[in-house]
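Here the structure comes first, spelled out in structure tokens, and everything after it is commentary.
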Amino acid sequence: MNKEELEQIHDKARAEHVPIMMDDGMSFLLSYIRSHDSIQQILEIGTAVGYSAIQMAGIRWDIEIDTIEINEAMAEQAIANIAKENMHERIHVHVMDAYQYETKKIYDLIFVDAAKSQYRRYLEHFMKNTRIGTVFIFDNLNFHGMVDDESATKNRSTIQMVHKIKKFRDHIEKDERFQTVFHSNVGDGIAVSLRAK
Ligand SMILES: C[S@@+](CC[C@H](N)C(=O)[O-])C[C@H]1O[C@@H](n2cnc3c(N)ncnc32)[C@H](O)[C@@H]1O
């Protein structure tokens, strides 16, 4: 993985307002993967320009990633970035709505970083691709602080989304299939949910 090229992808994404993961959230995700050697098969929901996928694949050579992106223009950039890093044999970009993605594969880690209001649906859709020990990592559960402080927005659709995220956060913390740890002070709020049943 070329550090300079990676920085270019990062800086270009930030300059073009592509919503890549916050830097400390990314560090958290990478150190989680680094400290769990058993993580080899990863599913990512929300590729954007491939920044997080390239970073995750850069940790170990045995890591293979399926990543799903609904936006064709975004996916095109991701495919080009991944090819530049010579990771196209280990990172597979699927250009489609995540709900249309069907596979019999079982993943060790599912990183959920797409439409925030749909997290519960993603969780249920991909349960069949998990085993006991699979971990889901959900990003943006604070939604820029608005989940804990709704007064930060007056926009109706944002408020609706904030309610959905809050509902999901409550749900995942109570869901007995998972042991969930919520890291509210990391990035934009990250939950790590380990399938226990
Ligand atoms: C926050 S960005 C992903 C950032 C990326 N994980 C990173 O940190 O480099 C979310 C992406 O999810 C995509 N997305 C939204 N809804 C989706 C869906 N239903 N299926 C697949 N991709 C979706 C968006 O187009 C957007 O590019």
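Within segment 155-166, can one find any residue that is within 16 Å of the ligand (Cβ to nearest atom), in contact with a Phe, Trp or Tyr (Cβ under 9 Å, 6 or more places away or on another chain) and modelled with pLDDT of 90 or more?
The answer is yes; a qualifying residue exists.
Answer yes or no as to whether Thr47 is more than 24 Å from Asn185 (Cβ to Cβ) and without any contact (Cβ under 8 Å) to a residue 40 or more places away in the chain.
no
Select from segment 105-121 the residues that are under 14 Å from Ile172 (Cβ atoms) and either crowded, with 22+ Cβ neighbours inside 10 Å or away from the ligand (no atom under 16 Å from the Cβ) (or both) and list them in ascending order.
Scanning segment 105-121 gives Ile110, Val112, Tyr119.
Determine whether segment 45-59 contains at least one residue that is of a type in the set (Gly, Ala, Ser) and either away from the ligand (no atom under 11 Å from the Cβ) or farther than 17 Å from Arg14 by Cα (or both). If you could, list the steps in order and put the result at the bottom.
Kept after step one, since they are of a type in the set (Gly, Ala, Ser), are these residues of segment 45-59: 46, 48, 50, 52-53, 57-58.
Narrowing the set further to residues that are either away from the ligand (no atom under 11 Å from the Cβ) or farther than 17 Å from Arg14 by Cα (or both) leaves 57-58.
Yes, that holds for at least one residue.
Is it the case that His125 is modelled with pLDDT of 95 or more, over 25 Å from Ile59 (Cβ atoms) and surrounded by 15 or more Cβ atoms within 10 Å (Cβ to Cβ)?
Numbers: modelled with pLDDT of 95 or more: yes; over 25 Å from Ile59 (Cβ atoms): yes; surrounded by 15 or more Cβ atoms within 10 Å (Cβ to Cβ): yes.
Yes, satisfied.
Might you let me know whether segment 102-121 holds any residue that is more than 29 Å from Ala78 (Cα to Cα) and either outside any helix (DSSP H, G or I) or in contact with an Asp or Glu (Cβ under 9 Å, 6 or more places away or on another chain) (or both)? Before you say what the answer is, go through the steps one by one.
Step one: of segment 102-121, the residues more than 29 Å from Ala78 (Cα to Cα) are none.
No, every residue in segment 102-121 fails to be more than 29 Å from Ala78 (Cα to Cα) and either outside any helix (DSSP H, G or I) or in contact with an Asp or Glu (Cβ under 9 Å, 6 or more places away or on another chain) (or both).
Please work out which one of (1) away from the ligand (no atom under 12 Å from the Cβ); (2) at pLDDT below 95 is the condition Asn140 fails and give its number.
(1)
Right, Ile70: surrounded by 12 or more Cβ atoms within 10 Å (Cβ to Cβ), more than 24 Å from Thr103 (Cα to Cα) and within 7 Å of the ligand (Cβ to nearest atom) or not?
no
The values are calculated or read from the model by the stated rules, or taken from the named source; none is laboratory data. Note that the coordinates shown come from a computational prediction; the quantities given were computed from them, not determined experimentally. Glycine also receives a Cβ, built like all others from the backbone with ideal geometry; neighbour counts cover every protein chain displayed.
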